[in-house]
Amino acid sequence: MLTYKRRYFLRKKEAKRFLREIAEKENIDIINFLNLKFEVVELTFNHFIFLINGHPSFIKSDIVFPTLINDYVLNQFSTLTVDMGAVPYICNGADVMAPGIVKVDGSFKIDDLVVILDENFSKKIALCKVLYNSIKISEKKHGKVAINLHYVNDKYWEAFKKISKRT
């Protein structure tokens, strides 16, 4: 479990550098984030949560990725829609398997981040790193296709709750 260590503001220069790196790496539009207040919440085990105007927006562990509540950024990502049978497993941290995928939206390459949606409500349930490109995933019938990085009710989700109580 991740625990809170400290919280501090990021300088504008550092915030812009951070946003530029994310924009280049993930090919996303970050213009709406410029000139907003950036805070960093340092957690145990070298994990960080970046808050933009008080809202958890990005996570840094081994890599930097958006939170599931950062709709502006997530709406720019490709998606994999999974059947309802896969949802409880993915929401418990399981990786995404090919038989559970019912729809592939957008094009992506190996190691890109994709948003996982449930079939019935199209809710964002996870953010994953894909092991294959979009064409291969559409063709695959078995095996693991994406590694689960962040999902509903994971350790980061719990940290968001604690952070918002402190605000």
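Please treat every number below as a calculation from the coordinates, not as lab data. Quantities reported herein were computed from a predicted structural model and do not represent experimental measurements. For neighbour counting, all protein chains shown are included, and Cβ atoms are generated from backbone atoms with ideal geometry for every residue, glycine included.
For the reader, a short list of remarks on this structure follows.
- Here each label is just a point 7 Å from Cα along the line to Cβ, and for Lys103 and Arg7 those points are 3.8 nm apart.
- For Glu14, net neighbour charge (Lys/Arg +1, Asp/Glu -1) across residues whose Cβ lies under 12 Å away: +4
- Options (i) 47; (ii) 41; (iii) 57 - which one matches percent of Cα pairs over 21 Å apart as calculated here: (i)
- Taking Ser57, Ser78 and counting other C-beta atoms within 10 Å, the order from fewest to most: Ser78, Ser57
- In terms of distances greater than 24 angstrom between alpha carbons, the cross-link table entries Lys60/Lys109; Lys12/Lys123; Lys5/Lys109; Lys60/Lys124 yield Lys12/Lys123; Lys5/Lys109.
- Relative contact order computed over the range 74-151 (Cα-Cα under 8 Å; 6+ residues apart), in percent: 36 percent
- Considering only alpha-carbon pairs that sit under 8 angstrom and 6 or more positions apart, the relative contact order computed for the range 1-68 is 28 percent.
- Whether the range 74-151 is rounded, prolate or oblate, judged on the alpha carbon gyration tensor where a/c under 1.5 counts as rounded: rounded
- The mean sequence separation of alpha-carbon pairs under 8 Å and at least six residues apart, normalised by the residue count of the chain, gives a relative contact order of 18 percent.
- Karplus-based coupling profile of the range 16-28, in residue order and whole Hz: 5, 4, 4, 5, 4, 4, 5, 4, 5, 5, 9, 6, 10, with θ = phi - 60° in 6.51 cos²θ - 1.76 cosθ + 1.60 and x standing for Gly or Pro.
- Cβ-defined net charge surrounding Ser61, 13 Å radius [Lys, Arg +1; Asp, Glu -1]: 0
- Taking the Cα centre of the chain as origin and assigning +1 to Lys and Arg Cβ atoms and -1 to Asp and Glu Cβ atoms, the resulting dipole is close to 760 debye.
- In the range 88-130, chymotrypsin sites (Phe, Trp or Tyr not before Pro) in a DSSP loop with at most 13 other beta-carbon atoms within 10 Å: Phe121
- A simple spin-label model places the labels of Ile147 and Asn46 1.5 nm from each other, with each point 7 Å out along Cα-to-Cβ.
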